[in-house]
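Please treat every number below as a calculation from the coordinates, not as lab data. What you are looking at is a predicted structure, and each value in this text was computed from that prediction instead of being measured. All Cβ positions, glycine included, derive from the backbone under ideal geometry; neighbour counts span all protein chains shown.
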Amino acid sequence: MSKNDKQDKANQAPPITQMKTPKVDEKRFVLTDKVSGNEYELDLLNGTVGPSALDFRNFYSQSKMFVYDPGFTSTASCSSEITFIDGDNGVLLHRGYSIEDLAMHGDYIETCYLLLYGELPSERAKQQFAYEIGHHTMLHDQLMTFFQGFLRGAHPMAIMVGVVGALSAFYHDTTDINDPQQCMAAAHRLIAKMPTIGAYAYKYSLGQQFMFPQNNLSYAENLLYMMFAIPAEDYVPSPVMAKAMDRILILHADHEQNASTSTVRLAGSSGANPFACIAAGIASLWGPAHGGANEAVLQMLEEIGDVSRIPEFIERARDKDDPFRLMGFGHRVYKNYDPRARVLRESCHEVLEELGIQDDPLLDIALELERIAMEDEYFISKKLYPNVDFYSGIILKAMGFPTNMFTVLFAIGRTVGWVAHWKEMILEPTKKIGRPRQIYVGHEPREFQLMNARDQSDQSETKKTDWKWFWS
Ligand code: ACO
């Protein structure tokens, strides 16, 4: 196939199929207000597998009451065909395929295709897709100058938020969300350019030259190349490292309606362009309760410092009055072992063996912490298992990535998931702008006070410091 033929083929979007909708069950639910005697009938909606959901969409208009669920612990914010999680049984499926199968037998590029287009690609479709992604990896020359505007010591996630947001200013030809071709091109550009932006953020922090992407390399190899190669020497990515990197990318590719994906959907629901939406997702991922946990795991292991101090930290994690949490443990959805952690645990041992790392003190602490926590009554009773971030942090450190790059690598892997959800959301015929409601607990209406009538004491000043840390 000639280069032009390949390009023409690659530019053809796989057909867009109408999204499936949940089935309305024959059973109906009636909520009874026992004081007024009013009754509200609710539909029960069924997905393919997993819990059903009560349809509250018309509840407010009938009852003038909201549904209160901060943190969305019981709320389905959308229906989706992309990913299924059964947290109680530790199951994660992408488009019906288990994460274990994808990680063991697939690769990242076909996982991207699967998430975006719904099916595993044929050999030919895979080649075309890889070609398309490979030919969008470079950055606009002027975009490269953006990096110079950051301090060398800037956190790379701060650079990611800024530069990815700026993509919309450079690739304006793919920001019309009503044009499917533009949407697809934007999706491909995002998947293709994230490794380049991440690698350049790293290179910039080192004061090293940016390494141009190499289209003859696989996605994972190219990422390693741009991160670790230098112009003065040849660099051939090690197959073991490339395999581990590819697996880490697969394991982070999507995780249904987590905080960052929900952020992308919410931002996108206003009609914002895809680059802006993904920048919002990156910002959300950065927090230590989400993608920032892999970095926090390493910081915690360093803080623990020695195996002998683990009991002290376990004690702190159990103490209700101490805001400390064991980073890399627990998950909102998994109340059983995180299946991604299981796969990564194996890879972790493989990589360390291949790299000849047997006596890393941080690794010793990590493995002992894992052992003790999994036997501890507090962790057992609260179903707090090591999550994917616990092992990814250890592997990435062994591979030579600095700690502050861990969340960037998570963001690179997750971009396809964000983009797939964004695409699904904008194609949804009944989409609405995301607009949660609230229970207002502030002041009742009151009269404006002129300055000379206001409280002038120091007491009014203390209110400014009345902030509590998130975890406390
Ligand atoms: N260490 C100690 N105690 C914990 C931990 C932990 N890591 N995680 C939860 N708990 C305790 C809480 O104190 C709480 O106890 P309580 O019932 O006595 O009040 C109970 O377990 C439930 O915790 P919640 O915060 O209500 O659980 P939630 O589902 O909201 O939080 C979260 C999940 C944010 C992941 C939490 O487990 C946590 O902070 N873990 C550490 C950070 C982390 O590893 N994040 C990565 C998540 S995975 C990912 O994003 C890829």
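The residues packed around residue 80, meaning those with a beta-carbon under 13 Å from its beta-carbon, carry a net charge of 0 if Lys and Arg are +1 and Asp and Glu are -1. Think of the range 106-224 as having a plus end and a minus end, set by charges on the Cβ of Lys, Arg, Asp and Glu; of 186, 145, 214, 145 sits farthest toward the positive end of this dipole.
Orientation-averaged projection of the chain equals 29.3 nm² [convex hull of Cα atoms, one quarter of hull surface area].
Remark: the range 293-301, residue by residue, has Karplus-estimated 3J(HN,Hα) of 5, 5, 5, 5, 4, 5, 4, 5, 4 Hz, where x stands for each Gly or Pro and the curve is 6.51 cos²θ - 1.76 cosθ + 1.60 at θ = phi - 60°.
Only one residue of 271, 249, 291 has its Cα farthest out toward the positive end of the dipole of the range 218-296, where Lys and Arg carry +1 and Asp and Glu -1 on Cβ, and that residue is 271. Using the Cβ-Cβ distance between residue 336 and residue 25 with R0 = 35 Å, the FRET efficiency computed as 1/(1 + (r/R0)^6) comes to roughly 0.80. Sequentially through the range 384-392, phi angles give Karplus couplings (6.51, -1.76, 1.60; θ = phi - 60°) of 9, 9, x, 9, 4, 5, 5, 7, 5 Hz, Gly and Pro residues having no value and appearing as x. The local environment of residue 268, defined by Cβ-Cβ distances under 14 Å, has a net charge of +2 under the rule Lys, Arg +1 and Asp, Glu -1.
Candidates 400, 129, 442 compared by Cα position along the dipole of the chain: farthest toward the positive end lies 442, with charges placed on Cβ. Sorting 365-375, 304-314, 395-405, 258-268 by their mean Cβ neighbour count within 10 Å, with the most densely packed peptide first, gives 258-268, 395-405, 365-375, 304-314. Using the rule -39500 (n - 2.57) for each DSSP H run of four or more residues, divided by the residues of the chain, the 222 nm mean residue ellipticity is -15000 deg cm²/dmol.
Relative to the Cα centre, the charge distribution of the chain, modelled as +1 at Lys and Arg Cβ and -1 at Asp and Glu Cβ, gives a dipole magnitude of about 1380 debye. Computed over the chain, relative contact order equals 18 percent, with contacts defined as Cα pairs under 8 Å that lie 6+ residues apart. The residue 105 and residue 216 beta-carbon pair, evaluated with R₀ = 30 Å, returns a calculated FRET efficiency of approximately 0.80.
Descending by average beta-carbon neighbour count within 10 Å, the peptides 95-108, 326-339, 167-180, 38-51 line up as 326-339, 95-108, 167-180, 38-51, the highest first. Couplings 3J(HN,Hα) of the range 124-138, computed from phi: 5, 5, 5, 4, 5, 5, 4, 4, 4, 5, x, 9, 10, 6, 7 Hz, in residue order, whole Hz [Karplus 6.51 cos²θ - 1.76 cosθ + 1.60, θ = phi - 60°; x for Gly and Pro]. Taken along the Cα-to-beta-carbon direction at a fixed 7 Å, the label points for residue 122 and residue 206 span 4.2 nm.
Counting only Cβ charges, +1 for Lys and Arg and -1 for Asp and Glu, the dipole size of the range 214-364 around its Cα centre is about 920 debye. Computed from the alpha carbon positions, the gyration tensor of the range 100-181 leads to an equivalent ellipsoid with semi-axes of 30, 18, 12 Å, biggest first. Relative protection proxy for 193-202, 281-290, 140-149, 446-455, from highest mean packing down: 193-202, 281-290, 140-149, 446-455 (other beta-carbon atoms within 10 angstrom).
Note: relative contact order over the range 86-224, using C-alpha pairs below 8 Å and six or more positions apart, is 24 percent.
Taking amide H as placed 1.01 Å from N in the peptide plane, the amide H of residue 83 sits under 5 Å from that of 95, each at least 5 places away or on another chain.
When +1 charges are put on Lys and Arg Cβ atoms and -1 charges on Asp and Glu Cβ atoms, the dipole computed for the range 9-137 relative to its Cα centre reaches about 380 debye.
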